[in-house]
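Colleague: Please see the structure below; I have some questions.
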Amino acid sequence: MADNILISYQSISKRFGGVQALDDVSFSIRKGDIHGLIGENGAGKSTLIKITGGIYRKDQGQVLWEGRPIEVNSPVEAERQGISIVHQEIPLCGNLTVAQNVFLGRLITNRLGQPKWDEMEERTVELFRQIGQDIDPRARVGELSVALKQLTTIVHALNSTSKFIIMDEPTSALTPGEVETLFEVLRRLKSEGTTIMIVSHILSEMMEITDRVTVLRNGRHVETMDTKDATIEGLVHMMVGDVPLPTPKESDAITGDVVLRVRGLNQLRLRLKDINFQLYKREILGLAGIQGAGRTELATTLFGVHQPDSGTIELEGREITIKNPRQAIEHGIGYLTEDRRNLGVFWDMSVWQNAGAAIIDDLTSYGNVLDNKRIEEMASKSIQDLQIKTSGMQQPIRYLSGGNQQKVLLARWLNVKPKILILDEPTRGVDVGAKAEIRKVIQELVDQGISVIVISSDLEELLAMSDRVLVMSNGAIRGEFLAKDATFDKIMALAVQK
Amino acid sequence: MKQLLRTLKTRREIGVLAVFVLLCLFFTVVTNTFLTVPNILNILRQVSISGLIVMFMTMIIISTDIDLSVGSIFAAVGMIVAILFQNGMNIWLASLVGLLAGAGFGLINGLVTVKGGLPPFIVTLGAQMVYRGFALVISGGAPASVRLPESFYNVTGARTFLNLPVPALWFLAVTAIAGFILHKTSYGFKVYATGGNEEAARLSGINTDRIRITNFVLIGVASALASIIQMAYLRGVTPTAGQGMELTAIASTVIGGTSMFGGVGTIGGAFIGTLFMGVVRNGLVLMGTSAYLIDLIIGIVLVGAVFLSTVSTREKR
């Protein structure tokens with residue numbers, strides 16, 4: 001029995017400040033398995049991965065590697081041990097080329113120590129071909145799409161002699177086709193004897209790809225079981241308790257007032273072409289499309305990050321110009337970014353500072369003096385309304401789990417009291433429970449009279465939330481559906497149009 | 001209490017404070033003049049001129065910029081005020097012109113850096129030479145002495161006021177003001193936000209350009225104020241004054257726990273950092289250390305102090 005175990009966690013505990021991230025977690029992963037790790041935000045998945053990879057140290061417990069206890073104190077030691085991690089947030093050097101990133105830390109050199117770029121570039125092309133992608137190995141990574149960046153990190157992990165590859169949310173930025181390619185790669189690795197642990201919130205994918213699955217909840221181990229014995233409903237229940245699964249929303253034709261009307265909007269550099277649509281009061285409007293369809297570009301243009309070349313934007317019947325995000329906020333438009341790590345969070349700041357950043361001028365009295373009473377009111381309301389798991393408003397945001405960080409950012413935009421809220425991938429990298437909570441909050445906002453535009457790559461979720469869906473591809477709007485009339489097939493057919 | 005200990009442990013300037021206290025103890029033991037009221041007042045007076053600038057150097061570094069031209073602004077403003085005064089302008093009015101000139105120099109640095117999208121290191125390195133050249137040109141390279149009216153001298157350069165040197169009082173007052181701005185106002189919040197994540201700050205509706213430019217203006221004004229106080233204290237100015245001042249200010253800022261990557265730092269830390277630099281120099285002199293050795297030792301102490309304070313508070317992972 002013990003012979004076929006690659007890695008075994010025994011009573012692992014880890015504490016951050018007042019939060020018990022992992023509490024006496026024990027389970028084992030068999031050699032050659034694809035092992036799923038699931039759990040809500042703050043369940044401890046990322047912490048466990050980081051302990052395995054030598055980024056954090058465990059407080060208590062033991063990790064057995066092929067039956068022997070190991071101490072991994074740095075990512076380099078992990079790599080030496082044969083452990084490779086594909087992180088959720090993508091640690092690439094944007095200024096380097098694809099090949100340079102793929103061979104980062106293990107350059108092929110000649111006898112004088114000079115890097116042999118030609119050989120590495122050829123190998124890079126070869127590795128990408130194995131996962132069914134054509135790539136220019138000399139392209140700068142910073143200029144690639146999110147999906148290609150993600151694939152680069154995966155190729156980076158493939159390009160090692162790892163016995164154990166951990167993937168944290170590898171599919172969150174991928175289109176269905178790319179996900180299928182990735183799964184083929186995983187199956188091939190498995191057949192070659194590599195062991196894989198995969199973390200994902202998309203349970204249907206976990207059912208498809210994994211052999212066994214482990215559920216964590218609030219830092220504790222709930223269950224490890226064969227995937228063939230599991231059901232999605234059963235897993236969800238183990239993760240969160242009683243949360244209903246989404247069903248498409250039953251909205252009738254929209255009849256309210258038009259809040260936002262966009263006419264003939266073009267933005268050449270962002271490839272936005274002749275955008276026309278309207279947003280109604282109390283409506284949730286979904287933007288569907290594949291990566292690169294121009295949804296984020298449209299959202300950021302409406303938010304004043306970019307200037308349209310032509311076209312008009314009307315807010316409540318009055319034409320407005322939005323020169324920068326500040327003016328957008330003044331007009332009552334909020335924008336939750338898809339890139340939480342780089343464009344959202346202030347990493348050195350606390351929970352309240354992150355939640356209050358967009359209304360800091362309103363948290364003052366006597367001119368510009370910060371008013372602690374107002375700050376406390378704002379913070380406790382935010383923490384309560386969004387059920388943010390934190391030890392307090394002064395806690396540094398970096399100690400929160402990804403989902404709770406996302407809730408803090410959502411709170412930042414709710415505090416603006418917007419008329420229109422644009423949410424770009426609001427539930428990316430967020431687990432089932434928090435997804436449901438965030439959806440509930442959004443519905444409450446709409447009930448209060450706010451209009452919401454949602455961008456999501458999770459089509460099922462988009463249909464469950466939206467009243468109406470616009471499909472974009474190549475920078476243009478290709479079609480419009482009421483959510484109840486839309487189907488995956490109809491939407492995808494438009495989304496892949498050129 | 002536990003909460004307090006935890007904050008103490010996570011704040012970098014506390015590590016510096018510990019090293020600082022040890023250092024003071026050391027000098028108290030090995031010299032019998034260090035821990036005396038006159039000497040402590042002397043240290044305060046000595047650090048007060050560069051200390052005025054340190055506070056705003058801290059602010060500008062938190063917002064991920066830097067200003068290498070402070071020493072030249074210092075010299076240029078001194079010459080402007082002295083020349084205006086020698087030509088018959090009222091000293092109060094001349095000082096006001098000097099402060100405005102400091103603001104103007106800072107504004108130029110800020111506009112070129114921010115609106116031109118250039119690295120502040122390069123812009124202010126160039127400005128350092130330009131403003132120094134300006135000071136040399138308007139003075140013809142010659143120092144100027146000034147006979148200031150008593151009323152002006154008493155509130156700027158006087159050696160005693162209630163037994164305290166007036167420059168030291170200015171230093172303490174400006175420290176308090178800077179601390180208030182950085183830690184108690186929305187402006188200070190925006191400085192941290194801009195330095196912590198400029199893109200996120202802009203998406204949160206913060207006018208990051210304006211914050212950065214204002215920081216350049218503030219440090220320009222602080223340099224001008226320092227220059228006027230120094231002029232009053234020394235009763236004269238030279239166009240070569242303030243050379244190397246930017247390095248002292250940056251060193252004090254960094255010892256005080258401010259991160260060169262931006263987003264992190266406090267005025268309390270900057271205050272300790274300023275005293276730290278002053279105490280090391282003063283203590284070494286009292287010990288009779290050779291003047292040739294002092295800079296060598298200070299360099300080592302600087303890196304050592306930053307190392308100790310970072311190690312002692314480095315996050316346990």
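Colleague: Only one of (1) surrounded by fewer than 22 Cβ atoms within 10 Å (Cβ to Cβ); (2) under 19 Å from A:Thr153 (Cα atoms) fails for A:Val63. Which number is that?
Modeller: Every listed condition holds for A:Val63 apart from (2).
Colleague: Residue check: is A:Ala328 surrounded by 23 or more Cβ atoms within 10 Å (Cβ to Cβ), within 14 Å of another protein chain (Cβ to nearest Cβ) and within 30 Å of B:Thr266 (Cα to Cα)? Working first, answer last.
Modeller: Numbers: surrounded by 23 or more Cβ atoms within 10 Å (Cβ to Cβ): yes; within 14 Å of another protein chain (Cβ to nearest Cβ): yes; within 30 Å of B:Thr266 (Cα to Cα): no.
So A:Ala328 fails the test.
Colleague: Sticking with this structure for a sec: Looking for whichever is assigned to a helix (DSSP H, G or I), more than 15 Å from the chain's Cα centre (by Cα) and either at positive phi or within 14 Å of another protein chain (Cβ to nearest Cβ) (or both) here; the options are A:Leu414, A:Leu410, A:Leu463, A:Leu445. Which one fits? It would help to see each step written out before you state the result.
Modeller: Details: A:Leu410 fails: more than 15 Å from the chain's Cα centre (by Cα); A:Leu463 fails: either at positive phi or within 14 Å of another protein chain (Cβ to nearest Cβ) (or both); A:Leu445 fails: either at positive phi or within 14 Å of another protein chain (Cβ to nearest Cβ) (or both).
Just one listed residue meets the conditions, A:Leu414.
Colleague: Does at least one position in the stretch A:424-439 carry a residue that is within 14 Å of chain B (Cβ to nearest Cβ), aliphatic (A, V, I, L, M) and touching a helix residue (DSSP H, G or I) at 6+ places or on another chain (Cβ under 8 Å)? Can you show your working first?
Modeller: The initial filter retains those residues of the stretch A:424-439 that are within 14 Å of chain B (Cβ to nearest Cβ), namely A:424.
Filter once more, so that each one left must be aliphatic (A, V, I, L, M): none.
The answer is no, given that none of the residues of the stretch A:424-439 is within 14 Å of chain B (Cβ to nearest Cβ), aliphatic (A, V, I, L, M) and touching a helix residue (DSSP H, G or I) at 6+ places or on another chain (Cβ under 8 Å).
Colleague: Out of all the residues in the stretch A:362-405, which are of a type in the set (Asp, Glu) and either in contact (Cβ under 8 Å) with a residue 12 or more places away in the chain or at the interface with another protein chain (Cβ under 10 Å from one of its Cβ atoms) (or both)? Working first, answer last.
Modeller: We begin by selecting, within the stretch A:362-405, every residue of a type in the set (Asp, Glu); these are A:362, A:371, A:376-377, A:385.
The answer is A:Asp362, A:Asp371, A:Glu376, A:Asp385.
Colleague: Turning to a different aspect of this structure: Might you let me know whether the stretch A:12-19 holds any residue that is of a type outside the set (Lys, Arg), crowded, with 19+ Cβ neighbours inside 10 Å, more than 14 Å from every other protein chain (Cβ to nearest Cβ) and assigned to a strand (DSSP E or B)?
Modeller: Yes - at least one qualifying residue is present in the stretch A:12-19.
Colleague: Right, here's the next one. Can you pull out every residue in the stretch A:40-59 that is more than 21 Å from A:Ser162 (Cα to Cα) and either touching a Cys at 6+ places or on another chain (Cβ under 9 Å) or more than 14 Å from chain B (Cβ to nearest Cβ) (or both)?
Modeller: Once the filter is applied, which keeps residues that are more than 21 Å from A:Ser162 (Cα to Cα) and either touching a Cys at 6+ places or on another chain (Cβ under 9 Å) or more than 14 Å from chain B (Cβ to nearest Cβ) (or both), the stretch A:40-59 yields A:Glu40, A:Asn41, A:Gly42, A:Ala43, A:Gly44.
Colleague: Can you pull out every residue in the stretch A:296-343 that is in a helix (DSSP H, G or I), over 20 Å from B:Asp209 (Cβ atoms) and small (Gly, Ala, Ser)?
Modeller: Of everything in the stretch A:296-343, just one residue is in a helix (DSSP H, G or I), over 20 Å from B:Asp209 (Cβ atoms) and small (Gly, Ala, Ser), namely A:Ala299.
Colleague: A further question on this structure: Taking the options B:Ile206, B:Ile211, name whichever one is aliphatic (A, V, I, L, M) and in a helix (DSSP H, G or I).
Modeller: Values: B:Ile206 fails: in a helix (DSSP H, G or I).
Only one candidate passes the filter, namely B:Ile211.
Colleague: Examine the stretch B:134-147 for a residue that is closer than 27 Å to B:Ala270 by Cβ and assigned to a helix (DSSP H, G or I), and state whether such a residue exists.
Modeller: yes
No value in this document is a laboratory result; all are computed from the given coordinates. Remember, predicted model here, so these are calculated numbers, not experimental data. Here Cβ is always computed from backbone atoms with ideal geometry, including for glycine, and neighbour counts include all displayed protein chains.
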